[in-house]
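The values are calculated or read from the model by the stated rules, or taken from the named source; none is laboratory data. These numbers were taken from a predicted model, which means no experiment stands behind them. Virtual Cβ from ideal backbone geometry, glycine too; neighbours counted across all protein chains shown. With ligands, DNA and RNA removed, areas are computed over all heavy atoms of the protein, side chains included. Shrake-Rupley method; radii C 1.70, N 1.55, O 1.52, S 1.80 Å.
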Amino acid sequence: MPLLVKDYSWTQTPSSICLTIPLKRANPRKVDVFATDEYLKVHFPPFLLEVFFSEAIDDDTSVAKIGNGVAVLTLRKKEDRMWEQLTIDDADKEILKSIRERAVLKAQEKSAADSKTRAEKKQEENKYTLEKMMKIEEGQRNNIEKLKADERERATAELEAWKLQQKREAEKEEARKNRQTQEQKIQLSYTSQLSPTKNTGTAKYQRKDCDKKNLAPLPAPRAPCTIKIQFTPRVFPTALRESRVPEEEEWLKKQADARRQTSTDVSALNDLKEDERNPDWLKEKGNKLFVTGNYLAAVNAYNLAIQLNRKIPALYLNRAACHIKLKNLHKAIEDSSQALDLLLPAVADNADARMKAYVRRGTAFCELELYAEGLQDYDAALKIDPYNQTVLSDAEKIRQFIQGSMPDHLAPEKNM
Amino acid sequence: MSTPSEKPQIISHIHKSLNYTVFDSKWIPCSAKFVCMGNFARGTGVMQIYEVERGEVHLVKEIEKAKPIKCGTFGATSLQQRHIATGDFDGNLHIWNLEVPDVPVYSVKAHKEIVNCIDGVGGLGIGDGAPEIVTGSRDGTVKVWDPRQKDLPVANMEPVEGEARRDCWTVAFGHAFNDQDRCVCAGYDNGDIKLFDLRNMSLRWEKNIKNGVCCVEFDRKDISMNKLVATSLEGNFHVFDMRTQHPTKGFASVSEKAHKSTVWQVRHLPQNRDVFMTTVHLFFLYGCRCETDGDVDMGVAGTLNLLQNITLSTQPIASLDWSPDKQGLCVCSAFDQAVRVLIVTKLNRV
């Protein structure tokens, strides 16, 4: 419960009231003065002074001086009149309470209005500074533009001047050339009247130096020659970009892995070496064996590779070639057919492989003397590549053979 | 060179919108005209000659041809004749007299596929020796032609039979300091740069720069090889010091990743061989030294200094050509069907 202060004193002039409150050893800093136009509260714990003015004061212009053990408040009156008394008459609690509440409300409104005006003022200032900045930058930009435009003007003028000079020089050249040809004509006619002396060119060509080169003979064209080059190998047809290299490597790795792993459920292969599980490696081995003539071993290699991965058409193709060499013609036909099945859909990429498959199957058919089927296959091969000479000549031979005009021979040449 | 007013400025002087895709633009030597080459939407090739006059360009002549034209050069003609050699989409090499463009002065079916790039040497009063034209194509071959010899290339750099072919994207002549010596440098899409010596008809040096090579250029064609700039995809370019070749390490180089994407062209300033412009930043190479590495010389490429840059268009600028007559004037063409004439100022203070 605060202690009410009663020992304050007050004096008045027509326009103001002077209120003196002894501070009773309170710290001046801890004195809180709250005033509206009809209520005043001075609070220095534990003391409290409340004054309900009988008439209105102007709290905006009132001043409080706190120090030296007293607080002196100079309150300006709203109306210049002598007051009968400082406080209002009756002290009905309700009235007092309502006055207090009103005072608090008023104080709040005032502070809200204050802060609003302050914010508006700040915004005004910001806008102003912004506009100023923009104007300055505009000015700078215009300067630069002007500089550029000046440069352009100057460059254009120079260009024009240079062009004019070129034209004039060209005209001078023309005039001089004409004069020289005239002179030469005169001189020629003159000298032809005299003894034929060598007409050493008195016409000194004072043209640009490059013309002298015209007089010097140009070297003969070089002898044609070819230089063979090799490129850094690259699998993809697109250009090499550093940022794509990791993606490309990953793709290649995935392709290689996919080809390895399609049938790893063959338990009998557990004792094979790592190399021998790789169908690509096996294919290479088979190719080498084929080239050296060891067809049976090649077939074995291809068999193993096919066990590992049934979907590689090249394996069937190569095995077909081996079978033809070994005269296992039915097997050859089977393998070529399987290769062709795997090579669907028919695109440009596997045209090569498909042609090989057709040719091999055709060869096998012809060896079996089923020439009609053989011819069909050769025709299919020709459809893919109509310009292949060997295939063309073989197809011709078969056709003639069928028509019975060629009695002997000929298994067509084996072009693998 | 530190204050901004001292740096060279790149100013766009003239901008002309065209109604066709323009692939290449070249100044006609000793004149204020340039040629733009490209193709119309209807699939025919076109060459247009423009003249720069008082802040504007106006069309002097338009020549339409059957096949789209990809590239051209004036490098192999004399200053009086000023014939342009062009490569087109069909693999043909033609040399045209622009005054009488109906029939080519020289024509040969150079390649089986599109001629991607062309360069000429021996003309224009620069360099000694016979005029020669080199073309590079998508079929992986680089061929050198002499306009006096019909149908047969003077040199043919082709892949070994059976090898996969890589596109050749750029070619450049260099090292043509006397009658006999010539070098051709070719860049391919798999990052290979190969240097061929035409005197010995051999491969002199090759290197792979890990990104497809878009453009190579020597700093001067008519001197002993000094510097070679090679630009590539991914915004990289390399500058090689070609004066000293180490037996194993090749040529020394400095490289920089200066752009966010493909550097399409590089061109050296004809008047100052240490300044070059990549599209479209302007670079200055300062000082190439040679160091001795033990008892074998090894070159040291110097340092690069970016002088200025400018963004002209959202589309790549595919071709760039400095005017040999006026320092700082250049014409460039971009894939936004526009050709621009630029002025670069303060180059004499570089």
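Quick test of your reading of the structure: A:R76 fulfils all but one of (1) open to solvent by less than 100 Å² (accessible area, probe 1.4 Å); (2) assigned to a helix (DSSP H, G or I); (3) out of contact with any Lys or Arg (no Cβ under 8 Å at 6 or more places or on another chain). Name the failing condition by number.
(2)
For (1) closer than 21 Å to B:K221 by Cβ; (2) over 18 Å from the mean Cα position of the chain (by Cα); (3) within 14 Å of another protein chain (Cβ to nearest Cβ), each residue gets a yes or a no:
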| residue | (1), (2), (3) |
| --- | --- |
| B:K61 | no, yes, no |
| B:H111 | no, yes, no |
| B:C117 | yes, no, no |
| B:D128 | yes, yes, yes |
| B:R138 | no, no, yes |
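For residues that are in contact (Cβ under 8 Å) with a residue 24 or more places away in the chain and among the polar types (S, T, N, Q), tally how many sit in region A:287-320.
Adding up the residues that qualify gives 4.
Out of curiosity, is B:R220 out of contact with any helix residue (DSSP H, G or I) (no Cβ under 6 Å at 6 or more places or on another chain), closer than 30 Å to B:P131 by Cα and in a strand (DSSP E or B)? Walk me through how you get there before you give the answer.
Working: out of contact with any helix residue (DSSP H, G or I) (no Cβ under 6 Å at 6 or more places or on another chain): yes; closer than 30 Å to B:P131 by Cα: yes; in a strand (DSSP E or B): no.
Spelling it out, it is not the case that B:R220 is out of contact with any helix residue (DSSP H, G or I) (no Cβ under 6 Å at 6 or more places or on another chain), closer than 30 Å to B:P131 by Cα and in a strand (DSSP E or B).
Quickly run through region A:50-61 and pick out the residues that are β-branched (V, I, T) and open to solvent by less than 30 Å² (accessible area, probe 1.4 Å).
A:V51, A:I57
I'd like to know if region A:352-372 contains one or more residues that are surrounded by fewer than 18 Cβ atoms within 10 Å (Cβ to Cβ) and either in contact with a Cys (Cβ under 9 Å, 6 or more places away or on another chain) or among the β-branched types (V, I, T) (or both).
Within region A:352-372, none of the residues are surrounded by fewer than 18 Cβ atoms within 10 Å (Cβ to Cβ) and either in contact with a Cys (Cβ under 9 Å, 6 or more places away or on another chain) or among the β-branched types (V, I, T) (or both).
Does any residue of region A:42-49 turn out to be in contact with a Lys or Arg (Cβ under 7 Å, 6 or more places away or on another chain), in a strand (DSSP E or B), open to solvent by 30 Å² or more (accessible area, probe 1.4 Å) and closer than 13 Å to A:S16 by Cα?
Checking region A:42-49: not a single residue is in contact with a Lys or Arg (Cβ under 7 Å, 6 or more places away or on another chain), in a strand (DSSP E or B), open to solvent by 30 Å² or more (accessible area, probe 1.4 Å) and closer than 13 Å to A:S16 by Cα.
So which residues in region A:166-175 are open to solvent by 90 Å² or more (accessible area, probe 1.4 Å) and within 11 Å of B:A32 (Cβ to Cβ)?
Narrowing region A:166-175 to residues open to solvent by 90 Å² or more (accessible area, probe 1.4 Å): A:167-168, A:171-172, A:174.
A:K167 - this is the single residue of region A:166-175 that is open to solvent by 90 Å² or more (accessible area, probe 1.4 Å) and within 11 Å of B:A32 (Cβ to Cβ).
Within region A:201-213, is there a residue that is at pLDDT 90 or above, open to solvent by 90 Å² or more (accessible area, probe 1.4 Å) and not charged (D, E, K, R)? Before the answer, list the steps.
First pass over region A:201-213, keeping only residues at pLDDT 90 or above: none.
No, region A:201-213 contains no residue that is at pLDDT 90 or above, open to solvent by 90 Å² or more (accessible area, probe 1.4 Å) and not charged (D, E, K, R).
Quick test for you: out of B:G235, B:G191, B:G187, B:G212, pick the one residue that is within 12 Å of chain A (Cβ to nearest Cβ), within 28 Å of B:A258 (Cβ to Cβ) and surrounded by fewer than 22 Cβ atoms within 10 Å (Cβ to Cβ).
Details: B:G191 fails: surrounded by fewer than 22 Cβ atoms within 10 Å (Cβ to Cβ); B:G187 fails: surrounded by fewer than 22 Cβ atoms within 10 Å (Cβ to Cβ); B:G212 fails: surrounded by fewer than 22 Cβ atoms within 10 Å (Cβ to Cβ).
Selected residue: B:G235, the only one of B:G235, B:G191, B:G187, B:G212 that is within 12 Å of chain A (Cβ to nearest Cβ), within 28 Å of B:A258 (Cβ to Cβ) and surrounded by fewer than 22 Cβ atoms within 10 Å (Cβ to Cβ).
Restricting to region B:63-86, name every residue that is within 12 Å of chain A (Cβ to nearest Cβ), open to solvent by less than 20 Å² (accessible area, probe 1.4 Å) and of a type in the set (S, T, Y).
First pass over region B:63-86, keeping only residues within 12 Å of chain A (Cβ to nearest Cβ): B:76-81.
Narrowing further to those that are open to solvent by less than 20 Å² (accessible area, probe 1.4 Å): B:76-77.
Once the filter is applied, which keeps residues that are within 12 Å of chain A (Cβ to nearest Cβ), open to solvent by less than 20 Å² (accessible area, probe 1.4 Å) and of a type in the set (S, T, Y), region B:63-86 yields only B:T77.
Filter region A:237-290 down to the residues that are modelled with pLDDT of 85 or more, open to solvent by 90 Å² or more (accessible area, probe 1.4 Å) and within 30 Å of A:I324 (Cα to Cα) and list them by number.
Within region A:237-290, A:E284, A:K288 meet the criteria.
Using the structure shown, decide if B:V160 is more than 8 Å from chain A (Cβ to nearest Cβ) and in contact with a Lys or Arg (Cβ under 9 Å, 6 or more places away or on another chain). Before the answer, list the steps.
Details: more than 8 Å from chain A (Cβ to nearest Cβ): no; in contact with a Lys or Arg (Cβ under 9 Å, 6 or more places away or on another chain): yes.
When the stated conditions are applied, B:V160 does not pass them.
Return the total of residues in region B:118-130 being within 23 Å of B:F23 (Cβ to Cβ) and open to solvent by 10 Å² or more (accessible area, probe 1.4 Å). Walk me through how you get there before you give the answer.
So in region B:118-130, the residues within 23 Å of B:F23 (Cβ to Cβ) come out as B:118-121, B:123-124.
Now narrow it down to the ones that are open to solvent by 10 Å² or more (accessible area, probe 1.4 Å): B:118-119, B:124.
Residues meeting the conditions: 3.
Hey, can you tell me all the residues within region B:256-267 that are more than 21 Å from B:C117 (Cα to Cα) and open to solvent by less than 70 Å² (accessible area, probe 1.4 Å)?
B:E256, B:A258, B:H259
Scan region A:291-301 and tell me whether some residue there is in contact with a Cys (Cβ under 6 Å, 6 or more places away or on another chain), open to solvent by 10 Å² or more (accessible area, probe 1.4 Å) and in a helix (DSSP H, G or I).
yes
Which of the residues belonging to region B:171-183 are in a loop (DSSP other than H, G, I, E, B), at negative phi and more than 7 Å from every other protein chain (Cβ to nearest Cβ)?
B:A176, B:F177, B:N178, B:Q180, B:D181, B:R182
Within region A:126-165, which residues are open to solvent by 90 Å² or more (accessible area, probe 1.4 Å), away from every other protein chain (no Cβ under 14 Å) and not charged (D, E, K, R)?
A:N126, A:Y128, A:L130, A:M133, A:M134, A:I136
Checking A:D408 against (1) farther than 14 Å from A:Y316 by Cα; (2) modelled with pLDDT of 80 or more; (3) over 48 Å from the mean Cα position of the chain (by Cα); (4) not hydrophobic (A, V, I, L, M, F, W, C), only one condition comes out false. Which one?
Just one mismatch for A:D408, condition (2).
Any residue in region A:321-344 that is within 11 Å of A:A357 (Cβ to Cβ) and open to solvent by less than 10 Å² (accessible area, probe 1.4 Å) sitting within a Cβ distance under 9 Å of a residue that is hydrophobic (A, V, I, L, M, F, W, C) and in a loop (DSSP other than H, G, I, E, B)? List the pairs, counting only those 6 or more apart or interchain.
A:A321/A:M416; A:A332/A:L326
Given (1) outside any loop (DSSP other than H, G, I, E, B); (2) at the interface with another protein chain (Cβ under 8 Å from one of its Cβ atoms); (3) under 16 Å from the mean Cα position of the chain (by Cα), identify the lone condition not met by B:L124.
(1)
Among the residues of region B:195-203, is there at least one that is in contact (Cβ under 8 Å) with a residue 12 or more places away in the chain, open to solvent by 40 Å² or more (accessible area, probe 1.4 Å) and within 14 Å of B:E132 (Cβ to Cβ)?
Within region B:195-203 (the criterion being in contact (Cβ under 8 Å) with a residue 12 or more places away in the chain, open to solvent by 40 Å² or more (accessible area, probe 1.4 Å) and within 14 Å of B:E132 (Cβ to Cβ)), the answer is yes, since at least one residue qualifies.
With respect to the numbered conditions (1) hydrophobic (A, V, I, L, M, F, W, C); (2) open to solvent by 100 Å² or more (accessible area, probe 1.4 Å); (3) at pLDDT 85 or above, which one is the sole condition not fulfilled by A:I227?
For A:I227, the failing item is (2).
Restricted to region B:140-151, and to residues that are crowded, with 19+ Cβ neighbours inside 10 Å and not hydrophobic (A, V, I, L, M, F, W, C), which residue is nearest to the other protein chains (Cβ to nearest Cβ)?
As a first pass, look at region B:140-151 and keep what is crowded, with 19+ Cβ neighbours inside 10 Å: B:140-147.
Remaining after also requiring not hydrophobic (A, V, I, L, M, F, W, C): B:140-141, B:143, B:146-147.
Values: B:G140: 7, B:T141: 9, B:K143: 10, B:D146: 4, B:P147: 9 Å.
Filtering first and then ranking leaves B:D146.
If we only count strands (runs of 3 or more DSSP E) wholly inside region B:4-73, which ones have 3 or more residues that are without any contact (Cβ under 8 Å) to a residue 12 or more places away in the chain and over 21 Å from A:A155 (Cβ atoms)?
none
Just to be sure, is B:C168 crowded, with 24+ Cβ neighbours inside 10 Å, more than 9 Å from chain A (Cβ to nearest Cβ) and over 18 Å from B:R220 (Cβ atoms)? Spell out the reasoning first.
On the way: crowded, with 24+ Cβ neighbours inside 10 Å: yes; more than 9 Å from chain A (Cβ to nearest Cβ): yes; over 18 Å from B:R220 (Cβ atoms): yes.
For B:C168, the condition - crowded, with 24+ Cβ neighbours inside 10 Å, more than 9 Å from chain A (Cβ to nearest Cβ) and over 18 Å from B:R220 (Cβ atoms) - is met.
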